Amino acid sequence: MEQPTEQIQSELDSFREQWRAEVSARSRNAAGSQHQQQQQRPTPTHARNSASDKTPKRNEFTHRKAASRTIPHQDDEEEHVQAQSFDEPPDAASIRPGWGQRLGRQDTAPTMQEEPQTALEFYEKAVEKETTGKLGDSLQLYRKAFRMDDNVDQLYRKKHFPGFWTKPSQLQHHQQANPSNASATVPNTAHHSLEGPALSLPDLIASFSGLRIEGAPPECEGVDAPPCPMAALPDEILVHILRDVAVADVGDFVRLARVCKRLAYLVATEDQIWRRVCLGPEFGFAGMHYHWQRGVTWEPLGAAQELAENGNDEVLTPDELDELARRQEESRAATGVLLRKVYGSSWQGMFRRRPRIRFNGCYISTVNYIRAGQSSGHQISWNTPVHIVTYYRYLRLFRDGTAISLLTTDEPAHVVHHVTKENLVLHRGGAGPHLPSAVVSAGLRGRWRLSSAADHGEGDGIGPDAAEGDLYVETEGVGSKYTYRMELTFRGAGGKAGVNTSRSNKKLAWKGFWSYNKLTDDWAEFALKNDKPFFFSRVKSYGVRGEK
């Protein structure tokens, strides 16, 4: 039986209403999601940037040279670079098979960090990008920073290097005129604080001599304070404990100065601990090599062969072999002479200022230069294209006198954890290209040693401290008939050559780079037009003493 016409019409109307409600709901959801995406998308600032700018000059690519508009230029190689630290190796699951790089790169992976807001934040981000070799990104950030504030470079120097750009005479005059940094409107008699002028660092440390280690206060009134067994230890036992800490990790020993004033006084003044650190092989100068210990291809050197490579070509006698045993005594004697004549009988000053190799990290040189491109002949262009070339040099030095030199375009985060002897032997000849550690397949074996007074003649007039400021590295060449030789010198991370500072072991500046042809006995020098100094970066996977 057919249904009545009114019932069919009511069912059609209800169906139409449901269909309309469903369509309207879908349209509202689509519009809401699109609006939400537009709100989450960051609004670009200064969108019209590169079209109206001039062609970038070379001196715009470094924050230091941009700052030289108001401060005289001092030295082209005096770069203020904060040492990087590589604590975690790259995740094996995020490695692209066959390429040795991570899928989630830092410049493309989404991060939870906030975008820079002020000119100083843009400048700091640009310095970070430039340190990692990303000149294109750093250039855009530099432009944004200087558009927001013309003096942003001075703000950066005042924040990160407050005392370097102030002359000592000006600083002393400023401290005498206003030692407490009081306002200029306050009379001079009120410029001094109630406790007098600020103490110098030696006087401040000396004021801690009569203090003792204090335990933690009680958690609440009426409750006994928690016990502090270290406060009851005599100084002799406490110094012995601190010495064991320094031998295990000198960095942890220095960080104990943050605990309390008594430990800060012992860390700064206990000379017998610093003497043990300097004379020990763990971090001190007993682990340094002033003669070749290995061959270029890591083969061990016998006693006779070692003497022959140091210039003794005569027929070796047993008396000459005893020279090896006397080298340690000569090294200790040289240490004693330097201690008295150069470092003012301070073992701590010697450890901080005397050139030494650090094994718990890698020396990295980031090279950036601009190469002119070629404009298209079929198009009219107002700008000349340029290519920004970036590559890295890695130099890792081992305790046994061997070294690994690597030249690659891969960033340090993807390389430093794989610069080991085992990986270099594993990938020798291009084996295992699918592994992440294949980035070291182009590495070169080598050896290293420090310079000494024996490298200079007696009539050269070079002091004992200047005679120890160089590093010699010899590596394999492109073929079996070539050998490379690098000569580097220790410099402070912001100082000049020959000036010993507390940071003098973090920077290696170039002195020369040569290639030696074994067949023709010829030397050829490489041009160092674009090469930059090496800066030390700690790598946690190498271990505290760099034995991994």
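Modelled label-to-label distance, ARG545 and ARG358, 7 Å Cα→beta-carbon offset: nm?
Here the answer is 1.9 nm between the modelled labels.
What are the chymotrypsin sites (Phe, Trp or Tyr not before Pro) within segment 323-376 that DSSP puts in a loop, where the Cβ has at most 16 other Cβ atoms within 10 Å?
none
What is the spin-label model distance, in nm, from ARG327 to LEU201 if the labels are put 7 Å beyond Cα along the C-beta direction?
With each label point 7 Å from Cα toward Cβ, the separation is 3.5 nm.
Set the Förster radius R0 to 41 Å, insert the Cβ-Cβ distance between ALA442 and ILE241 as r into 1/(1 + (r/R0)^6), and round the FRET efficiency to 0.05.
0.30
Based on C-alpha coordinates, I'd like the Rg and Dmax of segment 220-277, in Å.
Here Rg and the maximum Cα pair distance are 13.4, 46 Å.
Sort the following peptides by mean Cβ neighbour count (other Cβ atoms within 10 Å, averaged over residues), highest first: 395-407, 523-535, 11-23, 150-162.
395-407, 150-162, 523-535, 11-23
Probe 1.4 Å, all protein chains in place: accessible area of THR390 in Å², nearest 10?
Probe radius 1.4 Å; accessible area of THR390 about 30 Å².
Extension gain SER10-VAL367, at 0.36 nm per residue separation less the Cα-Cα distance, in nm?
Stretched fully, the SER10-VAL367 segment lengthens by 120.6 nm.
Separation between the ILE213 and THR409 pseudo-spin-labels, each 7 Å from Cα along Cα→Cβ, expressed in nm?
With each label point 7 Å from Cα toward Cβ, the separation is 5.6 nm.
Using only the alpha carbons of segment 345-434, what is the convex hull's orientation-averaged projected area in square nanometres?
On the way: hull surface 45.2 nm².
Hull-based average projected area comes out at 11.3 nm².
Which entries of LYS129/LYS506; LYS481/LYS532; LYS261/LYS540; LYS125/LYS159; LYS507/LYS532; LYS159/LYS532 show an alpha-carbon separation above 18 angstrom in the structure shown? Display every interim value, and only then the final one.
Numbers: LYS129/LYS506 20 Å; LYS481/LYS532 27 Å; LYS261/LYS540 29 Å; LYS125/LYS159 14 Å; LYS507/LYS532 10 Å; LYS159/LYS532 25 Å.
As for pairs spanning more than 18 Å Cα to Cα, those are LYS129/LYS506; LYS481/LYS532; LYS261/LYS540; LYS159/LYS532.
Would you kindly find the accessible area of LYS125, with a 1.4 Å probe and non-protein molecules such as ligands, DNA and RNA excluded, rounding to the nearest 10 Å²?
Ignoring ligands and nucleic acids, LYS125 comes out at about 50 Å².
Report the gain in length on full extension from ALA286 to PHE161: 0.36 nm times residue separation, minus Cα-Cα distance, nm rounded to one decimal.
Once the chain is fully extended between ALA286 and PHE161, it gains 41.6 nm.
How big is the accessible area of SER452 in square angstrom, nearest 10, if you roll a 1.4 angstrom probe over the protein chains?
SER452 has an accessible surface of roughly 20 Å² with all protein chains in place.
Considering only C-alpha atoms, what is the centroid distance from segment 216-242 to segment 401-450, in Å?
49
Under a 1.4 angstrom probe, counting protein chains only, how are TRP298, TRP514 ranked by accessible area, largest first?
Ranking TRP298, TRP514 by accessible area, largest first, yields TRP514, TRP298.
The values are calculated or read from the model by the stated rules, or taken from the named source; none is laboratory data. Quick caveat, the model's predicted, so the values are computed rather than measured. Neighbour counts are summed over all protein chains in view; Cβ atoms, including those assigned to glycine, are modelled from backbone coordinates with ideal geometry. SASA here: full protein model, heavy atoms, side chains in, ligands and nucleic acids out. Shrake-Rupley method; radii C 1.70, N 1.55, O 1.52, S 1.80 Å.
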